[in-house]
1. Kindly indicate which of LEU61, LEU101 is modelled with pLDDT of 95 or more and farther than 19 Å from ALA39 by Cβ.
2. Are any residues in the range 29-60 outside any loop (DSSP other than H, G, I, E, B) and either acidic (Asp, Glu) or free of Cβ contacts under 8 Å to residues at least 40 places away in the same chain (or both), and if so, which ones?
3. Hey, TRP211 hits all of (1) among the hydrophobic types (A, V, I, L, M, F, W, C); (2) surrounded by 20 or more Cβ atoms within 10 Å (Cβ to Cβ); (3) in contact with a strand residue (DSSP E or B) (Cβ under 8 Å, 6 or more places away or on another chain); (4) closer than 30 Å to ASP32 by Cβ but one; which does it fall short on?
4. Given the structure, is GLU161 more than 19 Å from HIS49 (Cα to Cα) and without any contact (Cβ under 8 Å) to a residue 12 or more places away in the chain?
5. Among the residues of the range 101-114, is there at least one that is under 17 Å from the mean Cα position of the chain (by Cα), of a type outside the set (Ser, Thr, Tyr), surrounded by fewer than 19 Cβ atoms within 10 Å (Cβ to Cβ) and farther than 17 Å from THR173 by Cα?
Amino acid sequence: MKQSPIPVDQLPDHVAIIMDGNGRWAESKGLDRGAGHEAGAKTVSLVVHRCAELGIPFLTLYSFSTENWTRPTSEIDALMELLMLQLTTEVTQLIENGIRLVHYGSRSRLSENVLSALDDACNATAGGNRLTLGLALDYSGRSELLHVMKQLVESGVASDEIDESAVQERLYTAGVPDPDLLIRTAGELRVSNFLLWQIAYSEMYVTEKHWPAFDADDFDQALAAYSIRTRKYGSVK
């Protein structure tokens, strides 16, 4: 096991990652975009197991945004096939490592095959207590907030009873602490509709590396950068 670059008490409890740059990485190497997604899947496995090694209890990955449905059908189909393959081949290792898989996002546009593989993996790993791995799949931060608003209306919650707790318990991520650290690869300086409520006070770390090129050392560098931040939560500390 590789040693942690920082003391355990300075590690974040929850890391969220916008995994960007698969296609650009592939194109830079003269490969098709599908090859980039396959390489990116290997980075996912690496980072998941690094979190488990270090004792980081929550990791959330932006796997497929609602806006990603506008991509070419061939690319979407390849992504979903890759997802189903990963869900079925990695589940035994997830169980052995105490990793619980959960889904954040809409289910309405996912195919029956994808939903079946996703549900099977989530159910099989439900007993994991070492790391909660959240897949933000067909996810949109704005859609999530609309979902919360509809839930409040349908539940008949009076306006004077609506507070942050009422919203939190209706989010897709209910019961999960907000991310301490948000990592984005490929150098883009935007949050791309990801966890809009939850990242209100997350520390951000951006790297120029494309996601398939991101490795354990890069992840450790992000953790080290986080460890020296002073988190103010709007105060003047």
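1. Details: LEU61 fails: farther than 19 Å from ALA39 by Cβ.
Going through LEU61, LEU101 in turn, the sole match is LEU101.
2. We begin by selecting, within the range 29-60, every residue outside any loop (DSSP other than H, G, I, E, B); these are 33-54, 58-60.
Of everything in the range 29-60, those that are outside any loop (DSSP other than H, G, I, E, B) and either acidic (Asp, Glu) or free of Cβ contacts under 8 Å to residues at least 40 places away in the same chain (or both) turn out to be ALA35, GLU38, GLU53.
3. So TRP211 meets the others, but not (3).
4. Yes: the conditions hold for GLU161.
5. No, there is no match, as no residue in the range 101-114 is under 17 Å from the mean Cα position of the chain (by Cα), of a type outside the set (Ser, Thr, Tyr), surrounded by fewer than 19 Cβ atoms within 10 Å (Cβ to Cβ) and farther than 17 Å from THR173 by Cα.
The values are calculated or read from the model by the stated rules, or taken from the named source; none is laboratory data. As the structure is a prediction and not an experimental result, all values here were calculated from the model. All Cβ positions, even for glycine, are placed from backbone atoms using ideal geometry, and neighbour counts span all protein chains on display.
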